[in-house]
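Here, each number is a calculation from the coordinates, and none is a lab measurement. Just so we're clear, the structure is a prediction, and the values are computed from it rather than from any experiment. With ideal geometry, Cβ positions are generated from the backbone for all residues, glycine too; neighbour counts draw on all protein chains shown.
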Amino acid sequence: MKFFIDTANLAQIKEANELGILDGVTTNPSLMAKEGIKGEKAVMDHYRTICEMVNGDISAEVISTDFAGIVEEGNKLAAIHPNIVVKVPMIKDGIKAIRYFSEKGIRTNCTLVFSAGQAILAAKAGATYLSPFIGRIDDSNWDGIELISQIAHIYSVQGFKTEILAASIRTPLHIVKCAEAGADVCTCPLDSITGLLKHPLTDIGLAKFLEDAKKTLG
Ligand code: E4P
C-alpha cells in the first residue's frame, strides 16, 4: 500500500518525506486555504514547491464544476509538473472530464466518493485514483472501511485498473484497516502516520535495553 500525506503544510510534508516512506501528497481547497494560500499564482507556486519536495504523485484539485472549466483548469495544473494528478469531483461533468483527461494521458484522482456506484463510474471513465472519504462516512454513522472492502472486491472481480486511494483518514487504526480491506493507497494526516509508530511495550522495552546497555558499556 502506498502512503500519501493529506496536507498542504510544507513542514509536515517535509517531516513525512524525511521518514522515507512517502509516495505522494494529496491536497484540497480547504487544506490550501488553511495554509493561507491566496490567488491562482500562489496556488500554482505552492503545487510546484510540493512537486520539487516529494518524488511522487501530487494531487491538485480543480475548483470548476463545468466540463470546460474543469478541462481548462486541469490542463493548467497538469502543466506544472509531470507528477501532478488532477483531482476532479465526482459529478457528471467531472466524469466527462476524467474520460477526457484519461484519453489525453493526464492522470486523475476522482474525489468526494461515498458509494460503490460512484466508484464504478469513475473506473469506467478511466480515473487513475479513486478517493472514498472514509472518515466522513464514519462521521455520518456508516462504515467507511466496509466501502473500501466493497470497492476492492468490485475492482478485482471486474479487472478495473483504478487505484483505491482511501481518504479522510482520522486515525492510525484507519490506516491498518484500509490495508486489510485492500486499499492501494492511504492518504493520511501526519499524526495518523506517526501514530503507527506507537506502542507502550516498545517504549518500555527500549528503556530497559538502554538501561541494561549502560551495565555492558560501564
Ligand atoms: C483527500 O484527498 C481528501 O480531500 C481529504 O482526505 C478529506 O479529508 P477530511 O474529511 O478530513 O476533510
Matching residues in the range 176-200 (in a helix (DSSP H, G or I), touching a helix residue (DSSP H, G or I) at 6+ places or on another chain (Cβ under 9 Å) and either under 18 Å from Lys14 (Cα atoms) or in contact (Cβ under 8 Å) with a residue 60 or more places away in the chain (or both)) number 7
Taking the range 30-62, which residues are more than 15 Å from the ligand (Cβ to nearest atom), of a type in the set (Gly, Ala, Ser) and not in a loop (DSSP other than H, G, I, E, B)? Ala42
Evaluate the following for Ile95: is it part of a loop (DSSP other than H, G, I, E, B) and under 21 Å from the mean Cα position of the chain (by Cα)? no
Within the range 138-181, considering residues that are small (Gly, Ala, Ser) and in contact with a His (Cβ under 8 Å, 6 or more places away or on another chain), the one farthest from Asp23 (Cα to Cα): Gly144
Among the residues of the range 100-126 satisfying the criterion of being in a loop (DSSP other than H, G, I, E, B) and over 26 Å from Thr171 (Cβ atoms), which is nearest to the ligand (Cβ to nearest atom)? Arg107
Restricting to the range 1-29, name every residue that is more than 20 Å from Ala167 (Cβ to Cβ), small (Gly, Ala, Ser) and either in contact with a His (Cβ under 9 Å, 6 or more places away or on another chain) or assigned to a helix (DSSP H, G or I) (or both). Ala11
